[in-house]
1. So, in the stretch 24-36, of the ones that are touching a helix residue (DSSP H, G or I) at 6+ places or on another chain (Cβ under 7 Å) and at pLDDT below 95, which residue ends up nearest to LEU85 (Cα to Cα)?
2. Of all residues in the stretch 22-38 being in a helix (DSSP H, G or I) and without any contact (Cβ under 8 Å) to a residue 24 or more places away in the chain, which is surrounded by the most Cβ atoms within 10 Å (Cβ to Cβ)?
3. Please tell me if SER68 is more than 14 Å from ILE20 (Cβ to Cβ) and either touching a residue at least 60 places away in the same chain (Cβ under 8 Å) or outside any helix (DSSP H, G or I) (or both).
4. Given the options ALA62, ALA103, ALA46, ALA82, name the one that is of a type in the set (A, V, I, L, M) and in a loop (DSSP other than H, G, I, E, B).
5. Give the stretch 47-104 a look and list any residue that's of a type in the set (Ser, Thr, Tyr) and surrounded by fewer than 10 Cβ atoms within 10 Å (Cβ to Cβ), or say none.
Amino acid sequence: MPLETFEYDSAEFLGSEEAITEYLLAASEDGDANHIARALGVVARARGMSDLSRNTGLTRPALYRALSGDGNPEFGTIAKVADALGYRLNLVLKSDGGPVATAK
């Protein structure tokens with residue numbers, strides 16, 4: 001008997017602000033820009049891409065491209081999307097003692 005699989009969309013499980021916040025925190029943990037963009041895309045789909053398009057002034061196709069995780073969206077686009085979703089980007093000092101650029 002063949003294995004039966006089902007389509008899974010994370011957006012269907014983001015029904016509360018707490019779930020969305022935890023999802024975005026987990027996705028941004030490693031600092032990977034593609035993970036962050038994709039997570040913002042999932043949240044945008046959960047909330048409604050049309051509303052996000054209206055609030056950011058970006059077209060829906062441009063948002064889908066930028067938030068696919070496969071592209072290379074501009075930092076300004078990511079910041080604008082995060083703001084429209086009610087979040088802001090925040091930089092924190094690494095606690096793992098990783099490399100730090102210093103002035104010479």
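1. ILE36
2. ALA27
3. yes
4. Only one candidate passes the filter, namely ALA103.
5. SER95, THR102
The values are calculated or read from the model by the stated rules, or taken from the named source; none is laboratory data. Only a predicted model underlies this, so the values are computations on that prediction, with no experimental measurement involved. Virtual Cβ from ideal backbone geometry, glycine too; neighbours counted across all protein chains shown.
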